[in-house]
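Participant: Provided herewith is a single structure, encoded as structure tokens, for subsequent inquiry.
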Amino acid sequence: MWGYFKFEIKQFFTNKKNLAVFALLTFAAIFYAFKLAPAYDPIEKVDYDEIEARYLTREEFLDSMFGKNLWEYHQSVGYAVDIFKFLNPYDKQRLEALDEGDLRKYAVATRDWYFYTNINTYRNDLLAYNPRYYTEDRRFAEEEAYFAYLEQFQRYDSYKRVWYELTIEILEQRTALQTLERLLKGPLPYIILIATLLLTIDIVTKDRLHPSILKGFPIADWKRLLVKALVGLIGSVLLWIPIFGGIIIIGFQFGFGNFDLPTPVYGYDMIAQNEGKFVYMSIGMFLLRCFLLLAAWMLVIISAVLLFSILFRQEMLNMVVVLLLIFGERFYTSRSIGYFWDVQNYPTSYVQVGKIVSKYQNFYFTTPKLHDMLGLKLLLITAAILIVLTLVVSLSKRFKLIK
């Protein structure tokens, strides 16, 4: 058994395809760290000039209306005077805090600015969010902006009482850990899972190239498959090495952050205003939960590859089937679908692990039932079923690995 394990490990890490996957992922991580991460341009950032321009424009308007009878103007003018008088002091506090270099004071003022700006802007025809939310492909720009402002309010509310020193990089979420958080809410889960599929897609079918050598290992097929699953899992976990390398490079550029940084978590609540409120967890807990979900997904993919490889013995067909599993959510994803379907019961609903842990998917699907721990249970049950089916099928002479 140990001899066969060493044989499979050697085969796995000398496979040219697998080496190419690791090399490509390493290149992508380095390219991202040196080119894309420094170019990150958040919609919500610490922009002194933007705050000052907004503040001065509103102050000029208020000065021009001072002492005038507002009854002589359209009612929207009176509304603008009232709302600008209320909001502009917060922008003034933000500017003063930046002039003083007091980021904790800035966090307090910004927390209030996001909260009151949000409740006065949402579903208001007279005010609008940052124009960058209203891009061409955002059908629900106002809802996304509302969500983002609530999220920012929660972040800044947490920043006011943290024990560590605040930096502009922390406020703009540029540090290494915050970059990893953003990636886990974006394309990284798909990249990891597709790479896992590419690494393991031939882990069974390659045996046809060395039948005589493999017959020298007198062990049952089900044991061979378990060894292959273990090797595939080890190789898939090592995919994180180049990714962490890129994150370390980002850390040297913008700081590493720390594991106590806040990650806002959406708390679906039909009673709360506009169907939602936020709490927060530490970024360390966020990353741990994301990694657990991704590990469960790796088990599912490896198990699926093993089963379909002994059933169909065609790598392209196996790849298509597993890709359908990875991207299965795309066939039913739409805003508010959770109100009509029990999407929380589909394992495919838990691919975007960062959005699951932060509960953004609850907001998007309009459901309180999506939870990472439920997803973890579903994925582990799915992996267990696939493994049991694989072992049962492997006992049949018809599906013998080496004929």
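What follows draws every value from the coordinates through simple rules; no lab data is involved. All values reported here derive from a predicted model rather than from experimental measurement. Every residue, glycine as well, gets a Cβ built from its backbone with ideal geometry; the counts of neighbours run over all protein chains shown.
Participant: Using a Gaussian network model of the chain with C-alpha springs under 10 Å, which one of Arg139, Arg58, Arg224 is most mobile by mean-square fluctuation?
Facilitator: Largest GNM mean-square fluctuation: Arg139.
Participant: Which of Leu230, Asn118, Ala295 sits farthest toward the positive end of the charge dipole of the chain, with +1 on the Cβ of Lys and Arg and -1 on the Cβ of Asp and Glu?
Facilitator: Farthest towards the positive pole: Leu230.
Participant: Separate question: Out of Leu184, Asn88, Leu261, whose Cα points farthest toward the positive end of the dipole of the chain (charges: +1 Lys, Arg; -1 Asp, Glu; placed on Cβ)?
Facilitator: In the chain, that residue is Leu184.
Participant: Please work out the FRET efficiency for the pair Glu60 and Glu100, using the Cβ-Cβ distance as r and a Förster radius of 30 Å; give the result to the nearest 0.05.
Facilitator: 0.80
Participant: At 0.36 nm per residue, minus the direct Cα-Cα distance, what do Ser282 and Val77 gain on full extension? Give it in nm, one decimal, please.
Facilitator: Answer, rounded to one decimal: 69.4 nm.
Participant: When the chain is treated as a GNM, springs tying every alpha-carbon pair under 10 Å, which of Ala384, Ala109, Ala220 comes out with the largest mean-square fluctuation?
Facilitator: Ala220
Participant: Place a point 7 Å from Cα of Glu142 in the direction of its Cβ. Which residues in the range 83-102 have their backbone N less than 20 Å from it?
Facilitator: 83-84
Participant: Semi-axes of the range 33-187's equivalent ellipsoid from the Cα gyration tensor, sqrt of 5 times each eigenvalue, largest first, rounded to whole Å?
Facilitator: That gives 31, 20, 13 Å for the three semi-axes.
Participant: Same structure, new question: Using 1/(1 + (r/R0)^6) with R0 = 56 angstrom and r between the beta carbons of Asp41 and Ile219, what's the FRET efficiency to the nearest 0.05?
Facilitator: Step by step, r from the Cβ atoms, then E = 0.50.
Participant: Once amide H atoms are placed 1.01 Å from N in the peptide plane, what residues at a sequence separation of 5 or more from Val265, or on another chain, have their amide H within under 5 Å of its amide H?
Facilitator: Amide H to amide H, under 5 Å and 5 or more residues apart or across chains, Val265 pairs with Val279, Tyr280, Met281.
Participant: While we're looking at this one, here's another question. Does anything in the range 274-317 have its amide N under 20 Å from the 7 Å Cα→Cβ label point of Val237, and if so which residues?
Facilitator: Hits in the range 274-317 for Val237 at 20 Å: 285-306.
Participant: So if each residue of separation counts as 0.36 nm, and I subtract the Cα-Cα distance between Phe331 and Phe34, what length gain in nm does that give?
Facilitator: Separation in residues times 0.36 nm, less the Cα-Cα distance, equals 103.4 nm.
Participant: With charges only on Cβ, +1 for K and R and -1 for D and E, what is the dipole size of the range 1-63 about its Cα centre, in debye, rounded to 20?
Facilitator: 1240
Participant: Right, another one. Pop the C-beta distance of Lys6 and Arg182 into the FRET formula with R0 = 35 Å and round what comes out to the nearest 0.05.
Facilitator: 0.35
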